[in-house]
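Notes follow once the structure below has been shown.
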Amino acid sequence: SPLGPTPKLVIDLERLQQLPKDKAGPLARYAATIQSQRGDYNGKVLSIRQEDLRSLAVIYDKSPTELTEELIGWGVLDPEARRAVEAF
């Protein structure tokens with residue numbers, strides 16, 4: 001695209017583990033599924049695709065933008081992620 005590469009959506013797995021399970025449970029399970037598919041268990045971060053964020057937004061019953069704000073607020077997602085979501 002002329003705007004250059006899409007900003008990455010990067011989940012901070014260490015921060016994710018520190019969050020209360022009632023908040024982070026669905027995201028943690030989703031992240032674990034992606035890790036098992038990739039065979040990548042030792043990363044401190046996990047990059048996800050926009051489609052993954054859309055799926056997570058459905059699970060959390062929020063819009064992708066709302067969920068992004070929430071995850072940034074939790075410290076799980078870098079504020080740069082806003083630019084990726086604005087591309088929806």
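Annotation: amide H-H contacts under 5 Å for residue 9 (H modelled 1.01 Å from N, sequence separation of 5 or more, or interchain): 48. Between residue 41 and residue 82, residue separation times 0.36 nm minus the direct Cα-Cα distance comes to 12.1 nm.
Cross-link partners of residue 21 among lysines, defined as those whose alpha carbon lies under 21 angstrom from its own and excluding same-chain residues fewer than eight positions apart: 44, 62. Computed from the Kirkwood radius of its Cα pairs, the Stokes-Einstein diffusion coefficient for the chain at 25 °C and 0.890 mPa s stands at 186 µm²/s. Each stretch of four or more DSSP H residues adds -39500 (n - 2.57); spread over every residue of the chain, this sum gives -17000 deg cm²/dmol at 222 nm. Ranked by solvent-accessible area (1.4 Å probe, protein heavy atoms only, all chains present), the residues 58, 85, 10, 45 order from largest to smallest as 58, 45, 10, 85. Taking a Cβ cut-off of under 13 Å around residue 60, the surrounding Lys, Arg, Asp and Glu residues balance to a net charge of -2, with basic ones at +1 and acidic ones at -1. For the set 8, 23, solvent exposure ranked by accessible area (probe 1.4 Å, protein chains only) runs largest to smallest as 8, 23. Rolling a 1.4 Å probe across all protein chains gives residue 70 an accessible area of roughly 60 Å². Note the angle between two axes, namely the Cα long axis of helix 21-38 and the longest principal axis of the Cα atoms of the chain, as a number of degrees from 0 to 90, rounded to the nearest 10. The answer is roughly 80 degrees.
The values are calculated or read from the model by the stated rules, or taken from the named source; none is laboratory data. Predicted model, so just to flag it, every value in this text is computed and none were measured. For neighbour counting, all protein chains shown are included, and Cβ atoms are generated from backbone atoms with ideal geometry for every residue, glycine included. These accessible areas exclude ligands, DNA and RNA; they are computed on the full protein's heavy atoms, side chains included. Shrake-Rupley method; radii C 1.70, N 1.55, O 1.52, S 1.80 Å.
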